[in-house]
């Protein structure tokens, strides 16, 4: 898939997984299977209007949380888990927008939230899907640009 966002997202995702989550990631041709438990969502207000969603299976969520906190999943409070995941989305979005604007423009994003299903694709939006293999598990990033980008 060739689009103006691909390189910016690939670099941002790999850097976030490596530097923050201590996991290796690379672009994947496989798709995320059903069974995700949560969708991390953040609105992008500038330099374009849109949103970003991050989805991954429970096993990957568990690996990320245990790596970051260096504790067993069962020892970490649900609030800490959610806060950590939302911060990862903040970091990913910031890195993506830095890459996309080549650090030459400011950006504005909303507060990240956790949804329990993907947002329906509104008409006239351009949807970009990015899939990543994170040490054998598939993660998906959906970038929606309002008005077609």
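Observations on the model:
- Relative packing of peptides 24-31, 11-18 - highest average C-beta neighbours within 10 Å first: 11-18, 24-31
- Extended-chain gain in nm, criterion 0.36 nm per residue less alpha-carbon gap, residue 74 and residue 29: 13.0 nm
- The shape of segment 20-83 comes out prolate: with a ≥ b ≥ c from the C-alpha gyration tensor, a/c is at least 1.5 and a/b beats b/c.
- Per-residue [θ]222 nm for the chain (sum of -39500 (n - 2.57) over DSSP H runs n ≥ 4, rounded to 500): -11000 deg cm²/dmol
- Order of 23, 97 - criterion: other Cβ atoms within 10 Å of each residue's Cβ, fewest first: 23, 97
- Placing R0 at 35 angstrom, the Cβ-Cβ distance between residue 103 and residue 83 gives a FRET efficiency of 0.80 after rounding to 0.05.
- Among 20, 113, 134, sorting on how many other beta-carbon atoms sit within 10 Å of each Cβ, with the fewest leading, yields 113, 20, 134.
- Gyration tensor verdict on segment 62-122 (Cα atoms; rounded if a/c is under 1.5, prolate if a/b is larger than b/c, oblate otherwise): oblate
- Across 19, 83, 133, mean-square fluctuation computed from a Gaussian network of the chain (C-alpha pairs under 10 Å connected) peaks at 19.
- The chain: most fluctuating residue of 123, 57, 112 per GNM, C-alpha cutoff 10 Å: 123
- Ratio of Rg to Rh for segment 1-125: 0.95 [Cα atoms; Kirkwood radius as inverse mean 1/r over pairs].
No value in this document is a laboratory result; all are computed from the given coordinates. Please read all numbers here as calculations on a predicted model, not as lab measurements. Note: ideal-geometry Cβ built from the backbone for every residue, glycine included; neighbour counts use all protein chains shown.
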